[in-house]
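Presented below is the structure to which this report refers.
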Amino acid sequence: MKDTYKHKGLRKRLIEELIHKGVKDETVLQAMLHVPRHFFFDKDFEDFAYDDKAYPIADGQTISQPYTVAVQSSLLQLKPGMKVLEIGTGSGYQAAVLAEMKARLYSVERKKSLYQKAQFLLNSLGYDVQIWYGDGSQGWPTHAPYDRIIVTAGAPEIPQAYLEQLKPNGILVIPVGDQDNQRMMRVIKHEDGTIEKQDHGPFRFVPLIGNEGW
Ligand code: SAM
């Protein structure tokens, strides 16, 4: 697969659109400028890779809208070298953006075909991401605690396991609501263990399935 001047131009235009929509985090914008989003698309949809829209990938799932990726990545307030858990690897695009931001990334996907495809693609692009095929609705205890946790599927509630697997001063970004509409929540676990929840507006995700999901 090639990353041509045309792709790079379309990507630059997408980044300008995100800035116009209010995305300010320069590290996130630079990462998204570098990651070739069309590599994460099925051939049939490749021409739409630089539209600011979610698109179908395999198994009834979606690659998140670039604006959503930008908002979630910004809310994480990530610093290089932080240990990050992503729930819902999907296409691997969000993982690539976080890896580009120098996260030490662990990602969980419960659909085998997506897990296999994302693992192959991320490895071949040179991103060092550990991926687990399993139910991430209870996190990934083996590598806990994490500095940051990002959930890219809609949860009915905030799973307790995520709070337990977060370090003090850690941040969890998770869409919470019903199966059609969620609110983007940023949850901060303060040094003394108290939990602060901030609402960052409406979003739509496919459901988080599993023990602590739907
Ligand atoms: N981050 C992805 C990307 O960049 O393409 C988008 C993810 S898609 C909106 C949501 C993903 O969450 C799907 O791939 C779905 O299979 C996965 N998922 C749903 N429930 C899950 C669970 N309990 N554990 C792990 N992955 C889950």
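Laboratory data are not the source of any read-out in this text; all were calculated from the coordinates shown. In this text, all values refer to a predicted model and were calculated from it rather than measured experimentally. Reconstructed Cβ throughout: ideal geometry from the backbone, glycine too, with neighbour counts over all protein chains shown.
I'm told Tyr146 meets every condition in (1) farther than 24 Å from Gly210 by Cα; (2) in contact with a Gly (Cβ under 9 Å, 6 or more places away or on another chain) except one. Can you identify the failing condition by its number?
Result: Tyr146 fails condition (1) only.
For segment 13-47, which positions are without any contact (Cβ under 8 Å) to a residue 12 or more places away in the chain and either closer than 18 Å to Phe205 by Cβ or in contact with a Phe, Trp or Tyr (Cβ under 6 Å, 6 or more places away or on another chain) (or both)?
Across segment 13-47, the qualifying residue is only Phe45.
Looking only at segment 14-23, decide whether some residue is within 15 Å of the ligand (Cβ to nearest atom) and of a type in the set (Val, Ile, Thr).
Scanning segment 14-23, I find no residue that is within 15 Å of the ligand (Cβ to nearest atom) and of a type in the set (Val, Ile, Thr), so the answer is no.
Would you please name the residue that is nearest to Thr89 (Cα to Cα), looking only at residues in segment 125-151 that are of a type in the set (A, V, I, L, M) and part of a loop (DSSP other than H, G, I, E, B)?
Per the criteria, the residue is Leu125.
Quick test of your reading of the structure: Phe40 fulfils all but one of (1) touching a strand residue (DSSP E or B) at 6+ places or on another chain (Cβ under 7 Å); (2) away from the ligand (no atom under 13 Å from the Cβ). Name the failing condition by number.
Exception for Phe40: condition (2).
Determine if segment 90-112 includes at least one residue that is in contact with an Asp or Glu (Cβ under 6 Å, 6 or more places away or on another chain), near the ligand (Cβ under 10 Å from one of its atoms), in a loop (DSSP other than H, G, I, E, B) and among the polar types (S, T, N, Q).
no
Checking the conditions here, which among Leu172, Leu122 is closer than 21 Å to Pro56 by Cβ, among the aliphatic types (A, V, I, L, M) and in contact with a helix residue (DSSP H, G or I) (Cβ under 7 Å, 6 or more places away or on another chain)?
Result: Leu122 is the single residue among Leu172, Leu122 that is closer than 21 Å to Pro56 by Cβ, among the aliphatic types (A, V, I, L, M) and in contact with a helix residue (DSSP H, G or I) (Cβ under 7 Å, 6 or more places away or on another chain).
Which one is farthest from the ligand (Cβ to nearest atom), of the residues in segment 176-214 that are under 12 Å from Ala155 (Cβ atoms) and surrounded by fewer than 11 Cβ atoms within 10 Å (Cβ to Cβ)?
Ranking the candidates gives Asp178 first.
Kindly indicate whether any position in segment 55-75 is part of a helix (DSSP H, G or I), among the aromatic types (Phe, Trp, Tyr), within 16 Å of Gln119 (Cα to Cα) and within 14 Å of the ligand (Cβ to nearest atom).
no
Can you pull out the residues in segment 10-40 that are of a type outside the set (Gly, Ala, Ser), surrounded by fewer than 20 Cβ atoms within 10 Å (Cβ to Cβ) and in a loop (DSSP other than H, G, I, E, B)?
Selection gives Lys21, Lys24, Asp25, Pro36.
Restricting the search to segment 86-111, which residues are of a type in the set (A, V, I, L, M, F, W, C), in contact (Cβ under 8 Å) with a residue 60 or more places away in the chain and under 11 Å from Ile131 (Cβ atoms)?
The answer is none; no residue qualifies.
Listed here are the residues, each with its yes/no results for (1) over 14 Å from the mean Cα position of the chain (by Cα); (2) surrounded by fewer than 17 Cβ atoms within 10 Å (Cβ to Cβ).
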{"site": "Asp47", "(1), (2)": "yes, yes"}
{"site": "Pro66", "(1), (2)": "no, no"}
{"site": "Leu76", "(1), (2)": "no, no"}
{"site": "Ala96", "(1), (2)": "no, no"}
{"site": "Lys112", "(1), (2)": "yes, yes"}
{"site": "Gln116", "(1), (2)": "yes, yes"}
{"site": "Phe120", "(1), (2)": "yes, yes"}
{"site": "Ala144", "(1), (2)": "yes, no"}
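Hey, Asp52 hits all of (1) within 16 Å of Leu98 (Cβ to Cβ); (2) in contact with a Pro (Cβ under 7 Å, 6 or more places away or on another chain) but one; which does it fall short on?
Unmet condition: (1).
Starting from segment 139-168, keep only residues that are touching a residue at least 12 places away in the same chain (Cβ under 8 Å), then list their pairs with residues that are hydrophobic (A, V, I, L, M, F, W, C) and part of a helix (DSSP H, G or I) whose Cβ atoms are within a distance under 7 Å, requiring at least 6 positions of separation or different chains.
Gly139/Ala161
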